[in-house]
Amino acid sequence: MNPFSSFLSLLVPLLVSLLLLILLLEQIWYLRRKRNVPGPNILFPFLGNVIPLISNPTKFWQLQAQLSASVGFSVNYVFGRFIVFIRNTELSHLIFANVKPDAFSLIVHPFGKKLFGQRNMIYMFGQDHKDLRRHIAPNFTPKALSTYTQLQQLIILEHLKSWERLWSTVSPAEPIPLRLLVRDLNLETSQTVFVGTYLSSEARERFKVDYDLFNTGLMKLPFDLPGFAFRKAKLGIERMLKTLTHCAAESKKRMLQGEDPSCLIDFWMQEMVRVTAESKTPPPHSTDEEIGNYLFDFLFAAQDASTSSLLWVVTLLDSHPDVLRKVREEVSRIWSPESDVLMTAEQLREMKYTQAVALEVVRYRPPATLVPHIAVEDFPLTEWYTIPKG
């Protein structure tokens, strides 16, 4: 036997033994954290249950929720991450009440920082977060909210009329899928409310394509290589951030000239211009690039959650005709679509029953069904189980 063959004959059993040891240690590591909590008892090596999560995420989380029924939470293991899935309301409140640097860190998405970037509002804590919240408060004054209401109604009415025209061109027996129609409505609504006319029609079309790439990338593994969905999502975000940064710069110019605000970014820049003039220095976190990042956060928060809620509104009102009738009666007492007049913010506040229906839809079918956090330290979830650090 030659020396190389002899060396391989000794090395292969060692490598196999080492691999088996690593797999055994991985199983032990998982089972020590799992303890007697409901969850899978055997792991697929290294990947865990990432394949069923990606191939059918709805089924994956439904099974996880079923496992959680007995004690309020369950566990799993995905791509090197030990996961505690909490279904119980009181235990969820316990997590949300402890989102701080020494307890839980909100991550939004397992690979969020690679997509959203480190400077994102989502990942801010402490004084920085308080300062930023104080500076964006003028975006939500009654005057600002009234402006947004007017913008939203114009776009919603335009889309409803286009849906009516679409319906007239198809067979009455043929259903029209609403999901993509509602999603396009929401994208235009949020774009217009946040950055108004600073987005050209060409930029809006490019934005729609890039947002689709971003959404697809959210559901893929983080392979940051050419041709992969995750890389396409990152490049799409870079283009969107560049566009939003330009919008912030253009708005700042207008507000410096003393023009009236017409969208959210204008109200924001108007306050920033005022603070800068009084203190002679710009407030923290106020560069065009930073504001572009924060605007993307707003767009992300406003897009899919609103689409989900609106689709549930349609579904639930369709299955509860008595509630739909009361909503229609309340709206018709205040406003008619043939009036050519938009509803005011005061009239919207008068619609108590409609508001109650909207709140019940959000309670019954929350749009953000999963909010991931990372435990910064070991955290006692119950008297008998502690969420391990990481």
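The values are calculated or read from the model by the stated rules, or taken from the named source; none is laboratory data. Being a predicted model, the structure only gives us computed values, none of them experimental. A quick note on method: Cβ atoms are made from the backbone with ideal geometry, for glycine too, and the neighbour counts reach across all protein chains shown. Each accessible area value is taken on the protein alone, full model and side chains, heavy atoms only, with ligands, DNA and RNA left out. Shrake-Rupley method; radii C 1.70, N 1.55, O 1.52, S 1.80 Å.
Key figures for this structure:
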read-out	value
Hull shadow area, averaged, the chain [alpha-carbon convex hull, nm²]	28.3 nm²
Cβ-Cβ FRET estimate between LYS242 and ARG328, R0 fixed at 35 Å, reported to 0.05	0.20
Segment 130-313, dipole about Cα centre (Lys/Arg Cβ +1, Asp/Glu Cβ -1), debye to the nearest 20	220 debye
Neighbour cut-off at most 13 other Cβ (10 Å), DSSP loop, trypsin sites (Lys or Arg not before Pro), segment 1-68	ARG35
Lys, Arg +1 and Asp, Glu -1 on Cβ, resulting dipole of segment 250-390 about Cα centre, debye, nearest 20	240 debye
Spin-label pair LEU14/LEU317, simplified geometry with 7 Å Cα→Cβ offset, distance in nm	7.2 nm
Segment 130-313 - percent of accessible surface contributed by carbon and sulfur, probe 1.4 Å	61 percent
Segment 278-331 versus segment 140-166: alpha-carbon centroid distance in Å	12 Å
Chymotrypsin sites (Phe, Trp or Tyr not before Pro) within segment 46-97: DSSP coil, no more than 14 neighbouring Cβ in 10 Å	PHE46
Kirkwood Rh, Cα atoms: Rg over Rh of segment 126-235	1.08
Alpha-carbon Debye profile of segment 130-313, log10 I(q)/I(0) at 0.11, 0.13, 0.15, 0.19 Å⁻¹	-0.56, -0.76, -0.96, -1.32
Spatial separation of Cα centroids for segment 178-213 and segment 99-133, in angstrom	25 Å
Length released on extending from ALA249 to PHE125, taking residue separation times 0.36 nm less the Cα-Cα span	42.0 nm
Charged-residue dipole, Cβ positions (Lys, Arg, Asp, Glu), the chain about Cα centre, Debye nearest 20	1000 debye
Lys/Arg +1, Asp/Glu -1 at C-beta; the chain dipole; positive extreme among SER339, ILE387, SER201	ILE387
Cα lying deepest toward the dipole's positive end in the chain, options ASN76, ILE155, ILE136, charges on Cβ	ASN76
Efficiency of FRET between PHE228 and GLU164 - r from beta-carbon atoms, R0 45 angstrom, step 0.05	0.65
Per residue accessible area of segment 88-239, 1.4 Å probe, in Å²	57 Å²
Farthest toward positive dipole pole in segment 281-390 [+1 Lys/Arg, -1 Asp/Glu at C-beta], among THR307, SER319, ILE291	SER319
Spatial separation of Cα centroids for segment 351-376 and segment 7-74, in angstrom	32 Å
